[in-house]
Amino acid sequence: MKDKSKKPSSKKGDRLDSRLRGNDNKEVENDPRTISKCGAGKTGEHDKGQALATENNALKEMLQRAQADFINYRQRAEREKAELIDYGKLETIKDLLEVFDNFERARNHFPKELEGNEWAQGMLAVEKQFVAKMNEMGIQRIPTVGNQFDPNLHEAIHMEPAKGKKSNEIIEEYEPGYIYKDKVLRYAKVKLAK
């Protein structure tokens, strides 16, 4: 029976075997086939590493953009929420302005015989508290009488000739106007000099 583990020897095969065994190191070092095989392996690994680094950088950039988008979204949502709260305040304030106007009208027609009355004094204190809260919230009354008409703040109801007054000067206020954070809540209704 023949031994199959032994391979037939050839000159080329023997030379390769001796190189691999290290018998002929100089030949292995200078063999262009060996150099090209080693170099090819290193280049492939380098290409893979560079591809991974490029992909890693792309993923980092995508993550940074996603984080920035989320931060912008959160800030926008908070700003919109604050605007909605302000809008709700504005609507409530507009409704309360009519109540405040009635307090002011009542004060302007306050009977002299009630000046010492505790209940009447309490109502005047409520009006003062209302004014203080409005100022605290940033609500300001629009200046009228003696000022020039401004269509951004005033609504002209009537015009009449007035001695000693400039044209378009406000000579009477029919209804007060109010501003909240540079937004007109209600235009002041006024009478102008011609």
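The values are calculated or read from the model by the stated rules, or taken from the named source; none is laboratory data. This one's a predicted model, so the numbers in the text were calculated from it and none came from an experiment. Heads up, the Cβs are rebuilt from the backbone with ideal geometry, glycines too, and the neighbour counts pull from every protein chain shown. In case anyone asks, the SASA skips ligands and DNA or RNA and just uses the protein heavy atoms, side chains included. Shrake-Rupley method; radii C 1.70, N 1.55, O 1.52, S 1.80 Å.
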Sole miss for residue 170 among (1) open to solvent by 90 Å² or more (accessible area, probe 1.4 Å); (2) in contact with a Ser or Thr (Cβ under 9 Å, 6 or more places away or on another chain) is condition (1)
Taking region 129-144 and the residues there that are among the charged types (D, E, K, R) and out of contact with any helix residue (DSSP H, G or I) (no Cβ under 9 Å at 6 or more places or on another chain), the one that is least open to solvent (accessible area, probe 1.4 Å) would be 133
Item to complete: Inspect region 72-86 for any residue being at pLDDT 85 or above, surrounded by 10 or more Cβ atoms within 10 Å (Cβ to Cβ), in contact with a strand residue (DSSP E or B) (Cβ under 9 Å, 6 or more places away or on another chain) and under 30 Å from residue 134 (Cα atoms) and give the result as yes or no.
Response: no
If we take region 81-180, then strands (runs of 3 or more DSSP E) inside it with 1 or more residues that are in contact (Cβ under 8 Å) with a residue 60 or more places away in the chain are 170-175, 178-180
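Going by the conditions given, is residue 113 more than 22 Å from residue 182 (Cβ to Cβ) and more than 47 Å from the chain's Cα centre (by Cα)?
So residue 113 fits the description; yes.
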Screening 34, 54 for residues that are out of contact with any strand residue (DSSP E or B) (no Cβ under 7 Å at 6 or more places or on another chain), at pLDDT 90 or above, part of a helix (DSSP H, G or I) and among the β-branched types (Val, Ile, Thr) leaves only 54
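So that you can scan it fast, the table gives a plain yes or no per residue for (1) within 40 Å of the chain's Cα centre (by Cα); (2) open to solvent by less than 90 Å² (accessible area, probe 1.4 Å); (3) under 23 Å from residue 97 (Cα atoms):
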| site | (1), (2), (3) |
| --- | --- |
| 152 | yes, no, yes |
| 165 | no, no, no |
| 176 | yes, yes, yes |
| 181 | yes, no, yes |
| 184 | yes, yes, yes |
| 188 | yes, yes, yes |
Residue 111 vs (1) over 23 Å from residue 188 (Cβ atoms); (2) open to solvent by 60 Å² or more (accessible area, probe 1.4 Å): all pass except (2)
